[in-house]
Every structure is written in structure tokens, then in C-alpha cells.
1. Defining a contact as two alpha carbons under 8 Å apart and six or more residues distant in sequence, what relative contact order in percent does segment 99-193 show?
2. Which log10 I(q)/I(0) values does segment 143-224 give at q = 0.22, 0.25, 0.26 Å⁻¹ under the Debye formula, counting every alpha carbon as one identical point scatterer?
3. Roughly how much of Arg310 is accessible, in Å² to the nearest 10, using a 1.4 Å probe?
4. Could you order peptides 329-337, 156-164, 64-72 by the average number of other Cβ atoms within 10 Å of their residues, highest first?
5. For Lys325, list the aspartates and glutamates whose Cα falls under 16 Å from its own Cα; do not include residues on the same chain fewer than 8 positions away.
6. Counting only heavy atoms of protein chains, what accessible area per residue, in Å², does segment 230-285 have with a probe of 1.4 Å?
7. Mind checking which lysines have their C-alpha under 24 Å from Lys201, skipping anything on the same chain fewer than 8 residues away?
8. Got a sec? Charge dipole of segment 65-214, +1 on Cβ for Lys and Arg, -1 for Asp and Glu; which of Ala168, Leu69, His105 is way out at the positive end?
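The values are calculated or read from the model by the stated rules, or taken from the named source; none is laboratory data. Bear in mind the structure is a predicted one, so any value in this text is a computation, not a measurement. No Cβ is skipped: glycine too gets one built from the backbone with ideal geometry, and neighbour counts run over all protein chains shown. When the accessible area is computed, the model is the full protein with side chains, heavy atoms only, and any ligands, DNA or RNA have been set aside. Shrake-Rupley method; radii C 1.70, N 1.55, O 1.52, S 1.80 Å.
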Amino acid sequence: MNRRSTRLKRSALVLSAAGMLVAAGFAVLPGSASAATTLGASAAARDGRFFGTAVAASRLSDTAYTTILDREFNAVTPENEMKIDATEPNQNQFSYTNADRIVSHARGLGMQVRGHTLAWHSQQPGWMQSLSGTALRNAMINHITQVATHFRGQVTWWDVVNEAYSDAGDGSRRDSNLQRTGNDWIEVAFRTARAADPDAKLCYNDYNTDNWSAAKTQGVYRMVQDFKSRGVPIDCVGLQSHFTGGSSYPSNYRTTLSSFAALGVDVHITELDITNAPTAAYTNVTNDCLAVARCKGITVWGIRDSDSWRSGESPLLFTSSGGKKAAYTSVLTALNNGTSPTSPTTPPGSPTTPPPAGSCTASITPGTVWGDRYNTSVTVSGATSWTVTVAITSPQQVTTTWSAAFTNAGTTLTVKPNGSGNTFGFTTMTNGNSSARPRVTGCTAS
């Protein structure tokens, strides 16, 4: 082989590799390291983590939906299609059509699949609700065996048991028809799943287990600790992390993740959504996961706000029209180790362009949400003398303000500094419209 043909082949290999990196969500730039530009690619670059989303089969025909799904994520969870009522609508009559569609779509793009869920007190078909005792226990075993066997080799993780702990505040199990078959039902479910799908990772999944001090969290922790000590097959714990307005993100969240991980199980954030998608809370969750080696990834519960079960709270990373929110950028930056994915396009040492004269930036941080009102804070950067305008959606109405001078003209707030600093806040009454939230419409330095 002559040297020229060798050089040509090497060049072709380099171009081919660069093309594959771009397709996988990396920007390949001359003289710089690869910079991940999508959520899934960024997570994968952090020790093989995943950044996934819940997927509904009914939306796979929506091109706008699948465009974001295919571009951004490297793991999927069927939203309802693997639950008991969907997969076994009649006893011993199994239906996998919609679940198979999601699995096929994901695996065709190299995405991992989370099976959700094999045993749960909710979304049981009528025939299962009517059973009890040994008959119900046997039906649960059969269901797990049949479903896990059908998807054997296609599912990376199973949520074997979902939401088995009570919110009573005492760390106890939930009273359910499955619990009444005997306290060992969760252990039986995990052993059955291991026998049916030996290579899949087996997880316990629950909500309100984010705060390390909560009795429910401690109850789940004791169960996992017991299972690990007795050799019950459990590989991971899922925290659903449905947060409200950022106010329910606990300061000890990282402690929760690391404490479960110390038991020898992986930890997953499985159903993340946060009211109003505040950048701070989304960034904190991401950084907490990255700080714990056994936190293997994050799944948001839906793609666009319109796809969310909490659509009125705008809790996801993409708007209903598919636009990337500020929280998307903050998560991507955190996944990229604090570096904006676009930053490598500026060669080191190049001068930066200052913001235009007379400009400033005002960013909203949602605060506490009550039944009839909620708080909002706004931080201004780029100037110390400024005028900010904020739009309010009627019939909502601002009732209390602080740390600035406010002029309230119906649905428009005009705000100027009053010597209290560059952060101000206000309380808004919902007046029957609980979904709308304020938005900054202008920031002018003066």
C-alpha cells in the first residue's frame, strides 16, 4: 500500500469519525475537545450516564415531538404503555403493541429503555382489583414473569415495584391489595423479575423520597438496606422528584442520593419535573446527580410542557411549541461541567463582545406556591440602574411587592431599584388561573 493511499484512508476515517460524533450530538471543532450539544450526549460523556424522558406511543406520529426526542435523549421510559392495565387488560391476555412501538423506536436509535412498571397498586385492570390473597399473589407473579420475559434483553432497567410506601409520615408501607397479600410481596416481585430477565437492572421507584430527613425516605432506605443484607436482588433506587416551584427541592437532596448509593445500589432520578422550570432547581438536581458516582442518570417526565401530566405548571425543559427554555441551557451547561456547549466556537484568547450599551438582563426565579397565590423573585444583572417590565396574565393580580419601586398598571409591572439591591420580588394572586406565570418583557439600563 503506498503512502498516498494510506493518507487518504486515514483522512476518510477521521472525517467518518467526526461525522459520527456530530450525529451523536457532539460538535467537533478544529484544535478543541469535543463539546456535547444535546442532553443525552452530554450525560453520556459524564461516565456513561443517561438523560432520558417519558414517551407516549400516541405522540410518536408527531414529528415535532420525535424530532426533539431523537435529538436530545439517550433513554426512554414508556409513560403508561408498560403498566399493568396496558399490558394485561384481561387476565392472561397480554397486549404489547404500544409498548413494543416505543421500545422499537428507542432501540433503533441506540437509546436505553426503562421498563415501568411491573407491580403497582395503581392502574390495575378491573380483574386484578377484584383479586386478593393467594390468587392476587399468583397473578402478580405471572404478570411479572410474562411481561419481563417478553422484553428480556430489550430493557436496561425495570421499575419492579412502584410507590409501595405510605405518605403517612411514619415510614410504613402503603396499605394496598398487594401489601395485604403479605409483607414479603416486594421481595417476591424482585426475585420473580430476576428470574424472568436476569440481565436487567432491578429498581424500586417512589415519590416524596427526595428529602433525606423524611420518614418515607427512611422507610425505603431501611427496605433497601435489608434487601442488600439478605441477598434480595435489587440494583437501583428511583427518586421521582416531582418538585413544585423549586420550593420543594430539599437542601439535603445530594445526601439522599449518596446515602442510597452507599448501600451498593445505583440511584436514578426517574420522573423529574419542576413547576415553572426554574433554572436554579434544575441545575441543582443535575449537579447533585453528577456529584454522586452511582447516580447514573436523570429522566424528565415528558418532553414539552404540553406533554406533561402537569402541563398547567410548565414544568419541563421545552415549551409547548418545542422551544428550549433557560432551564434546558442550565442543565446542558451543568452536564458539560459548567461550560456552555457553544463556548468552544470562540478560540482561546479571543476578545469578548460586551453587551450593548443600555442593556441588562432580568431572570425570574419562581418561589413558594400556595393554593391561591405564589411568590416570584427577579434578579437583574448587567447594570445597577435599570427599568424592568414584567407581564402578568389577567385575572391574576400582584398584591405584595418588595425590594424595589413598583408601578402596577393592570397586567404590566414597571420596576426600578430603590437601593435594596438588584433582586426584587412580588406575590401574585391566581384569581382562578393557577397555570400562568409572570414573564420579563424588558430590561433597560439607565
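1. 38 percent
2. -1.01, -1.15, -1.20
3. The accessible area of Arg310 comes to roughly 20 Å².
4. Highest-to-lowest ranking by the protection proxy: 156-164, 329-337, 64-72.
5. Candidates past the 8-residue exclusion: Glu72, Asp273, Asp305, Asp307, Glu313.
6. On a per-residue basis, 25 Å².
7. Those lysines meeting the cut-off are Lys83, Lys216, Lys228, Lys296.
8. Comparing the listed Cα positions along the dipole, His105 ranks first.
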